[in-house]
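The structure appears below as structure tokens.
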Amino acid sequence: MRSTKTIHVVSAHAEGEVGDVIVGGVAPPPGETIWDQSRWIAGDGTLRNFVLNEPRGGVFRHVNLLVPPKHPDADAAFIIMEPEDTPPMSGSNSICVSTVLLDSGILPMKEPITEITLEAPGGLVRVRAECRNGKAERIFVQNLPSFAERLNAKLEVEGLGTLTVDTAYGGDSFVIVDAAAMGFRLSPDEAHDIAKLGVRITNAANAALGFHHPENPDWKHFSFCLFAGLVERTGEGLRTGAAVAIQPGKVDRSPTGTALSARMAVLHARGQMKLEDRLTAASLIGSTFSGRILGTTRVGDRAAVLPEISGRAWITGTHQHMLDPSDPWPEGYRLTDTWGAR
């Protein structure tokens, strides 16, 4: 075999959502901060294309690049590459990264509890892992401060009329719609329709509403549309369904950790979730993330919550991605049958 590059990857998924981790073969990108490095990755595009485009990737794949941390409190840092974005934070990807770091021995595991600090592009996240028999069984992530941006905003979507939506930030930016009001039961057979409609709603929200993060002027768009289920109170706490449409047109297989954080911020802003409450969100495949609000804070001039999310992840394999120098598609390719029309 011949190759002009070899990238070492540990593959994983968190409650169904793929979050592969590059553990070798890529030099740290330039930048004074992890955020700066993530902007370089986003702007350059070479690594993103190589690992996310076909034939090595696809719309289903997220890939995380491990880099040396910049903050003295951090044990490791990671840059998240999603199909269309290089975001500040991701819940499922942080759970995958934590699991790979501990299960593969990159960071030492202590049973029954291992505590580590990760540096995401958006800031520090504290991780607590419940560990047994050499396996990180459940990952608890203290996510970035999260806030409701708009409540009951009116959004005109061509072909749908005027929708009432919430917008929020949970480490990434969301426009949130009521699933039942849109005619969805949040069942697996609705995934295709949710994906396509969610992209339309996200695009409409970006055109009409725009997003503003008080402390990160670089992040000024909505990434996702959350189809939010009814919140029910059970003997084990609050429970809801969730389906998140991801550009260019797929549904998150997990309940989406940043969406759970954003939903908790909205519920808290409405007085519908208290600090002692626990909210469990179920995805279209029946996997769950659980969340709770650890406290309150402010992000710029906005009231915000300090969310904790938890879920499980599993390593599925290891890969060495290579590039034959004669390959006519060195950065891969995309077609609109799966990547969506532009």
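Within region 24-40, no residue that is part of a helix (DSSP H, G or I) sits with its Cβ atom under 8 Å from a residue that is surrounded by fewer than 19 Cβ atoms within 10 Å (Cβ to Cβ) and of a type in the set (A, V, I, L, M) at 6+ positions apart or across chains. The single condition from (1) under 26 Å from Gly105 (Cα atoms); (2) open to solvent by 10 Å² or more (accessible area, probe 1.4 Å); (3) not polar (S, T, N, Q) that Pro30 fails is (1). Residue pairs whose Cβ atoms lie under 6 Å apart, sitting 6 or more positions apart in sequence or on different chains, and linking a residue in region 123-134 that is open to solvent by 70 Å² or more (accessible area, probe 1.4 Å) to a partner that is assigned to a strand (DSSP E or B), are Arg126/Thr117; Arg126/Gln142; Glu130/Glu137; Glu130/Arg138.
Every test in (1) out of contact with any Phe, Trp or Tyr (no Cβ under 9 Å at 6 or more places or on another chain); (2) over 22 Å from Ser261 (Cα atoms) is passed by Pro30 save one, and that test is (1).
When region 15-24 is filtered for residues that are in contact with a Lys or Arg (Cβ under 7 Å, 6 or more places away or on another chain) and either buried (at least 22 other Cβ atoms within 10 Å of the Cβ) or small (Gly, Ala, Ser) (or both), the ones remaining, listed by number, are Glu15, Gly16, Glu17, Asp20.
Among the residues that make up region 77-90, is at least one of them open to solvent by less than 10 Å² (accessible area, probe 1.4 Å), assigned to a strand (DSSP E or B), touching a residue at least 12 places away in the same chain (Cβ under 8 Å) and among the small types (Gly, Ala, Ser)? Yes, some residue in region 77-90 is open to solvent by less than 10 Å² (accessible area, probe 1.4 Å), assigned to a strand (DSSP E or B), touching a residue at least 12 places away in the same chain (Cβ under 8 Å) and among the small types (Gly, Ala, Ser).
The rows are residues; the columns are (1) of a type in the set (Lys, Arg); (2) free of Cβ contacts under 8 Å to residues at least 40 places away in the same chain.
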residue: Leu284; (1), (2): no, no
residue: Gly291; (1), (2): no, yes
residue: Thr296; (1), (2): no, yes
residue: Asp301; (1), (2): no, no
residue: Ile309; (1), (2): no, no
residue: Arg312; (1), (2): yes, no
residue: Thr316; (1), (2): no, no
residue: Thr336; (1), (2): no, yes
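Within region 33-44, take every residue that is within 21 Å of His8 (Cβ to Cβ) and not hydrophobic (A, V, I, L, M, F, W, C) and give me the one that is most open to solvent (accessible area, probe 1.4 Å). Restricting to residues being within 21 Å of His8 (Cβ to Cβ) and not hydrophobic (A, V, I, L, M, F, W, C), the top hit is Asp44.
Within region 297-317, is there a residue that is open to solvent by 30 Å² or more (accessible area, probe 1.4 Å), at pLDDT 95 or above, assigned to a strand (DSSP E or B) and touching a His at 6+ places or on another chain (Cβ under 8 Å)? Yes, because at least one residue in region 297-317 is open to solvent by 30 Å² or more (accessible area, probe 1.4 Å), at pLDDT 95 or above, assigned to a strand (DSSP E or B) and touching a His at 6+ places or on another chain (Cβ under 8 Å).
Tally time: how many residues in region 260-279 are surrounded by fewer than 18 Cβ atoms within 10 Å (Cβ to Cβ) and part of a strand (DSSP E or B)?
Here is the first cut: in region 260-279, the residues surrounded by fewer than 18 Cβ atoms within 10 Å (Cβ to Cβ) are 270-272, 274-278.
Right, trim to part of a strand (DSSP E or B) and you get 278.
Matching residues across region 260-279 total 1.
The values are calculated or read from the model by the stated rules, or taken from the named source; none is laboratory data. Quick caveat: nothing in here was measured; it's all calculated off a predicted structure. Cβ: placed from backbone, ideal geometry, glycine included. Neighbour counts: every protein chain shown. Side chains included, ligands, DNA and RNA excluded: accessible areas come from the protein's heavy atoms. Shrake-Rupley method; radii C 1.70, N 1.55, O 1.52, S 1.80 Å.
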